[in-house]
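The values are calculated or read from the model by the stated rules, or taken from the named source; none is laboratory data. Just so you know, these numbers come straight off a predicted model, no measurement behind them. As a convention, Cβ positions derive from the backbone with ideal geometry for all residues, glycine included, and neighbour counts pool all protein chains shown. When the accessible area is computed, the model is the full protein with side chains, heavy atoms only, and any ligands, DNA or RNA have been set aside. Shrake-Rupley method; radii C 1.70, N 1.55, O 1.52, S 1.80 Å.
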Amino acid sequence: MKHLIIGAGPAGVIAAETLRKSDPDAEIAIIGDEPEPPYSRMAIPYYLIENVDESGTYLRDPKAHFKAQNIEVVQQRVDKVDTGKKNVTLADGKTRDFDKLLIATGSHPISPPIPGLDLPQVHSCWTLEDARNIARLAQSGSNVVLIGAGFIGCIILEALVKRGVNLTVIETGNRMVPRMLDDKAGGLLESWCKQQGIGVHTSCSVESVTAADGDQVEVALSDGGNLSAALVITATGVKANLDLLDGTGIDTDFGVLVNKRMQSSDENVYAAGDVAQGVDFSTGNQEVQAIQPTATDHGRIAALNMAGKGDEHQGTLNMNVLDTVGLVSCSFGLWMGVDGGDSAELYNADEYQYINLQFDGETLVGASSVGKTQHIGVLRGLIESRIELGDWKQKLMADPTLIMDAYIACTQELGYA
Amino acid sequence: MQKSLHIDPGKCTGCLQCEMACSYEHTGTFNPSRSFIKVFTFHDEGRFAPYTCTQCDEAWCMRACPVDAISIDASTGAKVVSDDKCVGCKVCTIACPFGTINYAQTTGKVVKCDLCGGDPQCAAACPTDAITYIDADWTGYDRMMASAAKSLPSAETTAG
Ligand SMILES: Cc1cc2nc3c(=O)[nH]c(=O)nc-3n(C[C@H](O)[C@H](O)[C@H](O)COP(=O)(O)OP(=O)(O)OC[C@H]3O[C@@H](n4cnc5c(N)ncnc54)[C@H](O)[C@@H]3O)c2cc1C
Ligand code: SF4
Ligand code: SF4
């Protein structure tokens with residue numbers, strides 16, 4: 001059996017390892033186009049604050065691990081997939097055959113049509129190469145403008161602050177992380193950031209970036225403001241890497257459309273991670289989630305099914321955790337609630353504390369919190385297990401911090417008298 | 001045979017000796033708020049439930065880690081966090097559906113039960129045998145893991 005994996009990010013690497021475990025004799029190869037050994041984009045913020053060096057971003061020990069697992073790692077770009085011949089064509093013209101193919105090519109950053117984003121002071125923050133450029137330009141005391149306060153923008157915001165730059169964030173939405181947090185939680189983040197000396201402009205967009213004196217650029221804002229900066233970082237969304245599937249006829253939408261086995265419309269081709277539009281646990285619809293836990297779950301489920309040992313999965317739960325200069329926030333599932341569902345909330349703006357639970361009938365379907373770090377994972381447990389909360393729903397409505405207690409009481413046999 | 005923690009909530013009197021022992025073992029101070037095992041109190045019923053990481057087979061925390069900072073201790077089977085590698089991203093804390101791996105603001109890393117390298121101090125400290133460290137064969141703890149895992153649909157695809 002020849003298993004071929006395109007993309008050497010977390011989805012591809014977890015898939016390769018899972019394949020090795022479930023199919024010990026198979027040929028397994030990962031083809032990735034970045035010059036570095038397989039690494040984790042998520043570790044980039046920690047590279048930027050020099051908490052780890054480049055090798056600290058590597059997914060595994062590049063010298064020993066893949067060899068020991070008998071997984072071939074090829075550094076090449078795949079230009080074309082031929083599902084009829086069951087082969088792929090690499091940038092160097094060579095072809096590779098496959099029995100089962102996994103598309104784990106991730107996504108690439110996209111920019112809005114703002115004039116001046118091609119200047120050398122403007123970078124996205126997606127690859128290790130981007131990170132090196134940012135590290136070079138984001139010197140202590142320099143002015144930096146971050147376009148976009150979405151999840152990725154907010155993730156790198158902390159690293160930039162820790163590098164000692166003067167940071168201004170521009171967000172077109174009416175609050176920070178609008179697709180992860182509600183008004184109250186997003187509002188807490190914004191006032192927290194302002195308290196830390198970060199400039200935050202919400203409901204505002206960048207109109208142009210122009211070259212100015214001394215390696216600086218001028219950033220013109222829709223609210224009339226003008227900022228001078230040594231570095232502009234764009235964090236304005238990503239798009240799935242689907243080009244290599246052109247001409248295959250494989251069904252795609254925002255990503256590769258896959259079923260509950262991570263299988264595409266071609267039975268020998270699977271997809272996982274940021275490039276896959278797989279079933280969402282909460283909605284049952286196919287969605288691109290573009291988060292690390294989903295990439296690894298996808299990788300595992302795809303691999304088990306490629307090896308013929310898998311099952312249908314129940315969909316992945318959308319979830320995020322964010323540390324914004326010391327203020328931790330997270331959200332899970334349908335954090336914005338469902339029609340006719342009850343919700344419970346505790347909000348203390350002075351203490352930067354917030355927790356919000358969303359119910360559908362007797363079960364928890366979504367949650368978000370700010371300022372809470374203990375036991376937050378149990379929100380996933382409560383949602384994914386679809387526990388009927390019974391009495392505990394009323395208890396949670398009265399005190400939404402009792403999430404761990406509710407989970408234990410509802411799932412464990414508390415064998416007392 | 002590998003051992004595991006066996007927790008019998010029925011025997012727990014809520015004395016919190018386990019939390020004291022755990023925090024002392026891992027931080028050098030008697031500070032229950034920094035313990036990795038936590039005793040939950042159900043006031044209405046006057047009941048107590050000690051709870052910590054089950055060292056579950058799925059190891060969601062380990063799989064989600066972007067930098068390979070969580071590994072399996074070959075001698076105990078515990079999933080152990082390497083402080084050298086952990087960057088503090090907290091993804092494991094939302095990935096573990098049991099809420100038993102947590103971020104410690106003081107160190108900037110995550111903490112979880114490591115079975116104290118094979119001599120769990122909570123079990124040693126428990127005066128009523130509510131927490132014991134016994135052969136992993138088929139303990140109540142296993143049943144507890146099984147029931148908790150069964151309640152999670154995403155655990156279903158782990159076979160094989
Ligand atoms: C700075 C930053 C911080 C982040 N922080 C978080 C976080 O805190 N939490 C979270 O959940 N997520 C976070 N993410 C998102 C997370 O990194 C992604 O969800 C994850 O990397 C997806 O993994 P993947 O394997 O699907 O894709 P990727 O990691 O993008 O890997 C895909 C690989 O395939 C390669 N490739 C693409 N096309 C081809 C081709 N034709 N031929 C060969 N190779 C190809 C790409 O170059 C890439 O190396 C962060 C991302 C960034 C950039
Ligand atoms: S911390 Fe959670 S996911 Fe990790 S081994 Fe323990 S129970 Fe499993
Ligand atoms: S917090 Fe540490 S152990 Fe947890 S996922 Fe991040 S790097 Fe890994």
**Report entry** Rounded to the nearest 20 debye, dipole of the range A:326-413 from Cβ charges on Lys, Arg, Asp, Glu
**Finding:** 240
Query raised in the report: Across peptide B:99-106, how many C-beta atoms of other chains are within 10 Å of each residue C-beta, on average?
Result: 5
Query raised in the report: Rounded to the nearest 500 deg cm²/dmol, what is the calculated helix-only ellipticity per residue at 222 nm for the protein assembly as shown, with -39500 (n - 2.57) per DSSP H run of length n ≥ 4?
Result: -6500 deg cm²/dmol
Report task. Report the charge-dipole magnitude of the range A:1-116 in Debye, nearest 20, computed about the Cα centre from +1 at each Lys and Arg Cβ and -1 at each Asp and Glu Cβ. Result -> 340
Report summary line: Here the equivalent ellipsoid of the range B:53-112, derived from its Cα gyration tensor, has semi-axes (largest first, whole Å) of 16, 13, 10
Query raised in the report: Roughly how many percent of the accessible protein surface of the protein assembly as shown is carbon and sulfur, given a 1.4 Å probe and a whole-percent answer?
Result: 46
**Report entry** Pairwise Lys count, the range A:1-98 - Cα closer than 26 Å, eight or more residues apart or different chains
**Finding:** 16
**Report entry** Net charge dipole size for chain A [Lys, Arg +1 and Asp, Glu -1 on Cβ; Debye, nearest 20]
**Finding:** 780
Query raised in the report: Using alpha-carbon positions, what is the distance between the centroids of the range B:81-140 and the range A:285-309, in Å?
Result: 27
**Report entry** Alpha carbon centroid spacing (whole Å) that separates the range A:1-16 from the range B:17-40
**Finding:** 41
**Report entry** the protein assembly as shown - Rg over Rh from alpha carbon coordinates, Kirkwood radius
**Finding:** 0.97
Query raised in the report: What ratio of Cα Rg to 2.2 N^0.38 Å holds for the range A:326-413?
Result: 1.00
Query raised in the report: When DSSP assigns beta bridges and you keep just the ones with both residues in the protein assembly as shown, what percent turn out antiparallel, to the nearest 5?
Result: 65
Query raised in the report: Kyte-Doolittle mean at least -1.0 and Cα extent at least 15 Å along the axis: which DSSP H helices of chain A qualify?
Result: A:10-22, A:151-162, A:183-195, A:292-306
Report task. Could you order A:LEU227, A:LEU181 by accessible surface area, starting with the largest, using a probe radius of 1.4 Å? Result -> A:LEU227, A:LEU181
Report summary line: GNM on chain A, Cα springs under 10 Å; top mean-square fluctuation among A:ASN241, A:ASN305, A:ASN348 goes to A:ASN348
Report summary line: In terms of the charge dipole of the range A:37-90, which places +1 on Lys and Arg and -1 on Asp and Glu at the beta carbon, the residue among A:VAL81, A:MET42, A:ASN70 farthest towards the positive end is A:VAL81
Query raised in the report: Considering only protein heavy atoms, what is the solvent-accessible area of A:THR248 at a probe of 1.4 Å, reported in Å² to the nearest 10?
Result: 30
Requested in this report: Just tell me how shielded A:379-387 is by partners: mean number of partner chain Cβ atoms within 10 Å of each residue's Cβ, no decimals.
Outcome: 5
Report task. Equivalent ellipsoid semi-axes for the range A:1-96, as square roots of 5 times the alpha carbon gyration tensor eigenvalues: give them largest first, rounded to whole Å. Result -> 26, 17, 10
Query - Relative contact order (%) - criterion: Cα under 8 Å, at least six apart; region: the range B:28-139 - result: 19
